[in-house]
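**Q** My structure is below; once you've seen it, I'll send some questions.
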Amino acid sequence: MEWGWSDAHEALDFVLEPSGMTFGELSSQGQIPAKKLFGDYGSKGFDTPSGKVELYSEQLEEWGFDPLPTYRSPLRADDDYPLLVTSWKVGPFVHSGNREVQALRRLHPHPMALVNEKTARTYGIHSGEPMVIETRKGRMVHIARLNASVSPGVVIAEHGWWFPERAPLDGWDESNFNVLTSRDRPYAREMGSSQLRGLPCRISPLDR
């Protein structure tokens, strides 16, 4: 498994641990009724020092962070990985959901990656053919689609792909954007999260 669990059920048990249930117990029960935990800002305000929506965060400033959103690009393309890959989703699917719905898969049967025609020519990529997208962490395969709106030097690949028509876990990492990402530094200063987009990458035809 991608993050060290022995199988998918063990990973789901870990996610459900705070609820006191295992995946097997949840499967047999079907659902867990949830309490309504939203909308109380109307009576007591938001969980900010002022109780209001704060575009300028004095709390972040007090902690030593930028009080306003600031663009930073900690990872840059280089000679080995000269392109940047980011992710996008398509209408029929919600994250990794609905790939098993045949009517939706007929609308969009394969994972797609958008590249500029200039970028495609440089790396021998042809529209409609499979290409490899590789970062320092891992690699995946998507079908190339040329798109003039994509900036040269950028690859836009769909996320959330798996293949429910195959055996369980068969090909889970074949077109999975997660295999391109890393838990290594640099992390976001404010939250400690890993960088999920704008990853240095390289591309090639699948048969190269």
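Each reported figure results from applying straightforward, stated rules to the coordinates on display, with no laboratory input. None of the values given here were measured: they were computed from a predicted structure. Cβ atoms come from the backbone with ideal geometry, glycine included; neighbour counts cover every protein chain shown.
**Q** Using each residue's phi in the range 75-90, evaluate 6.51 cos²θ - 1.76 cosθ + 1.60 at θ = phi - 60° and report the 3J(HN,Hα) Karplus result to the nearest Hz, with x for Gly and Pro.
**A** 10, 10, 5, 9, 5, 6, 10, x, 10, 10, 10, 10, 10, 8, 10, 10
**Q** Would you work out if the range 56-127 is rounded, prolate or oblate? Take a ≥ b ≥ c from the square roots of the eigenvalues of the alpha-carbon gyration tensor; rounded if a/c is under 1.5, else prolate when a/b is larger than b/c, oblate otherwise. Don't jump to the answer; show the numbers that get you there.
**A** Details: a/c = 4.05, a/b = 1.42, b/c = 2.84.
Oblate.
**Q** P(r) for the chain, please, calculated from all Cα pair distances in 5 Å bins and given in %.
**A** In whole percents, the pair-distance histogram is 1, 6, 11, 13, 14, 14, 14, 11, 9, 5, 2, 0, 0.
**Q** Compare the Cα positions of Met21, Tyr81, Ser182 along the charge dipole of the chain (+1 at Cβ of Lys, Arg; -1 at Cβ of Asp, Glu; about the Cα centre) and return the one farthest towards the positive end.
**A** Farthest towards the positive pole: Tyr81.
**Q** Set the Förster radius R0 to 30 Å, insert the Cβ-Cβ distance between Ser27 and Tyr71 as r into 1/(1 + (r/R0)^6), and round the FRET efficiency to 0.05.
**A** 0.10
**Q** Quick check for me: using +1 on Lys/Arg Cβ and -1 on Asp/Glu Cβ, what's the dipole size of the chain about its Cα centre, in debye to the nearest 20?
**A** On the way: 23 positive and 28 negative charges, 148 e Å.
Result for the chain is approximately 700 debye, rounded to the nearest 20.
**Q** Under 30 Å Cα to Cα from Lys44, which lysines show up? Leave out anything in the same chain fewer than 8 places away.
**A** Lys35, Lys36, Lys52
**Q** Please order Ser87, Ser6 by the number of other Cβ within 10 Å, starting at the fewest. Show your work: numbers first, answer last.
**A** Details: Ser87 19, Ser6 8.
Placing the least packed residue first, the sequence is Ser6, Ser87.
**Q** How high is the relative contact order of the range 83-205, in percent, counting Cα pairs under 8 Å that sit 6 or more residues apart? Don't skip to the answer; put the middle values down first.
**A** On the way: 250 pairs, mean separation 43.7, N = 123.
Once divided by the residue count of the range 83-205, the mean separation gives 36 percent.
**Q** OK, next. Only Cα pairs under 8 Å and at least 6 apart count here; give the relative contact order of the range 155-208 as a rounded whole percent. Walk me through the numbers on the way to the answer.
**A** On the way: 38 pairs, mean separation 12.3, N = 54.
23 percent.
**Q** A further question follows. Starting from the Cα-Cα distance between Asp47 and Ala11, subtract it from 0.36 nm times their residue separation and give me the gain in nm to one decimal. Mind showing how you got there, number by number?
**A** Details: separation 36, 0.36 × 36 = 12.96 nm, distance 3.18 nm.
Contour length minus Cα-Cα distance gives 9.8 nm.
**Q** Shifting gears a bit: Among Leu169, Leu104, which comes first, then next, by fewest other beta-carbon atoms within 10 Å? Walk me through the numbers before you get to the answer.
**A** Values: Leu169 12, Leu104 16.
Ranked by crowding around the Cβ, least crowded first: Leu169, Leu104.
**Q** Starting from the amide H of Cys201, placed 1.01 Å from N in the peptide plane, find each other amide H under 5 Å away whose residue is 5 or more places distant or on another chain.
**A** Leu83, Leu84, Val85
**Q** Expressed in nm², what is the orientationally averaged projection area of the convex hull enclosing the Cα positions of the range 144-189? Write down the numbers at each step before the final one.
**A** Details: hull surface 21.6 nm².
For the range 144-189, the mean projected area of the Cα convex hull comes to 5.4 nm².
**Q** Next up: Using Cα pairs under 8 angstrom and six or more residues apart, how large is the relative contact order of the chain, in percent? Before the final figure, lay out each step's value.
**A** On the way: 310 pairs, mean separation 46.2, N = 208.
Relative contact order for the chain comes out at 22 percent.
**Q** Provide the three semi-axes, in whole Å and in decreasing order, of the ellipsoid equivalent to the range 168-208 as defined by the square roots of 5 times the Cα gyration tensor eigenvalues. It would help to have the intermediate numbers written out before the result.
**A** Details: eigenvalues 130, 48, 8 Å².
Those come to 25, 15, 6 Å.
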